[in-house]
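The values are calculated or read from the model by the stated rules, or taken from the named source; none is laboratory data. Keep in mind that this is a model prediction, so the values were computed, not measured. Glycine gets a Cβ as well: all are built from the backbone with ideal geometry, and neighbour counts include every protein chain shown. The accessibility values were calculated without ligands, DNA or RNA, using every heavy atom of the protein model including side chains. Shrake-Rupley method; radii C 1.70, N 1.55, O 1.52, S 1.80 Å.
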Amino acid sequence: MNTILRKSVLGVAGLAFAGGVFAGPAAAHAAPSVESVPVAVAVQVDKPSVDKGKLVPHGVQGAQSRIDLSDEQVGNVKAIIAATKKAGMDERAAVVSIATALQESKLENLGHLGDRNDHDSQGLFQQRPSSGWGTVEQITDPEYSTMAFLKGLKQVDGWQDMPLTKAAQTVQVSAYPDHYAQWEQMAADLVAEHWNS
């Protein structure tokens, strides 16, 4: 068996050698080989990081909640961040805004909910036309509603140094003022992820 295997291997080697000898001169007249050309390599540059100490300067208060977000909800996060930048405010303002919208609507741009509606509250921040926040069309526009919230936040003296829930409550005047705190870590994580994207 070893003899048969050895003869087969030598036979294949002989064919390869003979093919190389006979093909050698023909290959010399073939088209020249292509020289290697340097290829540009894409290098991923990390986006600048956000100062996480600025996002939650006083630490979170109480147990934290977290939900999975749909593409639409992530789009609303990005709209809130864009409006915050447009208003000339920093990452902390975006954290307060996103935490507020998480509590009020779970980042869903809600229309009128009929019998389940809290008065005439609508949009990401559950703002009320009857309370002067704007028209239904305006408060269901993520940029407008965020700018309206931020305008209220700017009027709160020292909001940057307040616990998130107190800053949000001062603007929102909610029946459940302590509920905003549970969303602070998730809001901070979303701002860290999307602020520079």
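At ASP120 and GLN155, where each label point lies 7 Å from the Cα along Cα→Cβ, what is the point-to-point distance in nanometres?
Taking the simple label geometry, ASP120 and GLN155 are separated by 1.8 nm.
What number, in percent, do you get for the relative contact order of the range 91-197 if the mean sequence gap of Cα pairs under 8 Å and at least 6 apart is divided by its residue count?
30 percent
Which value, in Å², gives the accessible area per residue of the range 94-197 when a 1.4 Å probe is used on the protein heavy atoms? Walk me through the numbers on the way to the answer.
Details: 4730 Å² over 104 residues.
Each residue of the range 94-197 exposes 46 Å² on average to a 1.4 Å probe.
Carbon and sulfur atoms: what percent of the 1.4 Å accessible area of the range 107-196 do they account for?
Taking all protein chains in place, the range 107-196 shows 46 percent carbon and sulfur surface.
Put a dot 7 Å past each Cα toward the Cβ at GLN64 and GLU108; how far apart are the dots in nm?
2.4 nm
Which order, highest average first, do 71-83, 177-189 follow once you tally other Cβ atoms within 10 Å for each residue and take the mean per peptide?
177-189, 71-83
Tell me, what is the FRET efficiency for THR170 and THR135 to the nearest 0.05, using R0 = 35 angstrom and their Cβ-Cβ distance as r? Before the final figure, lay out each step's value.
Values: r = 24 Å, r/R0 = 0.68.
With R0 = 35 Å, the Cβ-Cβ based efficiency is 0.90.
Need the full-extension length gain, GLU143 to ALA82, defined as separation in residues times 0.36 nm minus the C-alpha distance. One decimal, nm. Please list the in-between numbers first.
Values: separation 61, 0.36 × 61 = 21.96 nm, distance 0.79 nm.
Length gained between GLU143 and ALA82: 21.2 nm.
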